[in-house]
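Heads up, the thing below is written out as structure tokens.
FYI, it's all coordinate maths here, none of it is from the lab. Computed from a predicted structure; not experimentally measured. So basically every Cβ, Gly included, is an ideal-geometry build from the backbone, and we count neighbours across all protein chains shown.
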Amino acid sequence: MPADASLIAYFAPVWAFLAVFVIMFALLAKTELLGESKWLNLFVSFVIASIFISAASVQQYVLTIVPWMAVLVISLFFILVLIGFIGKGEWMHEKIGIVVVITAVVIFIVSGVKVFYTVISPYFPGSADYGFGASANGLVFSDWFFSGPVLGAIFLLALSGIISWVLVKAK
């Protein structure tokens, strides 16, 4: 018989609130963005966490990301244990760090698309909902942005930036 995890799902909004609250407080305390006042850091963290929980789509976004980030942290732990057994090498730490960052970015983007698909799909050409319920101004921008010349220019700019970075890094 499988384990009953309904209690965890019942308290999911509380876990999401706590995750946002703790992460915001840690970031504000570490960066000292608002100064060294713990009260101000706690208050701002509480307000931001409350805003995240009160907006349903943002709450769903956080609830989608948290399990994937937990999987990422556990995977990273096992990778670091494996590295500890293999031996130390600086090349491994740098490459693993890059992979972890890229993986985290991909998880955030995939989670965002999953949660906000019904909102953004009317603006993507080729989707089944294209144009349905979308604003006229949004469709004008969408048609312009996804046109061949604009996407080609963005692709060329990104490619130029990557090539420039690689050439400068190689010297």
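If you plug the beta carbon distance of PHE11 and VAL110 into 1/(1 + (r/R0)^6) with R0 = 25 Å, you get a FRET efficiency near 0.50.
Just so you know, the averaged projected area of the alpha carbon convex hull for region 96-170 sits at 6.7 nm².
Could you please report the charge total around LEU28, scoring K, R as +1 and D, E as -1 over all other residues with beta-carbon less than 12 angstrom from its beta-carbon? Walk me through the numbers on the way to the answer.
On the way: positive: LYS30, LYS38; negative: GLU32, GLU36.
For residues surrounding LEU28, the net value is 0.
The label-point distance for LEU27 and SER160, in a model that sets each label 7 Å from Cα toward Cβ, rounds to 3.2 nm.
Panel values: region 1-54, Kirkwood radius from alpha carbon pairs, Stokes-Einstein at 4 °C and 1.567 mPa s, translational diffusion coefficient 106 µm²/s. Here the calculated FRET efficiency for TYR130 and TRP39, from their Cβ-Cβ distance with R0 = 35 Å, stands at 0.10, rounded to the nearest 0.05.
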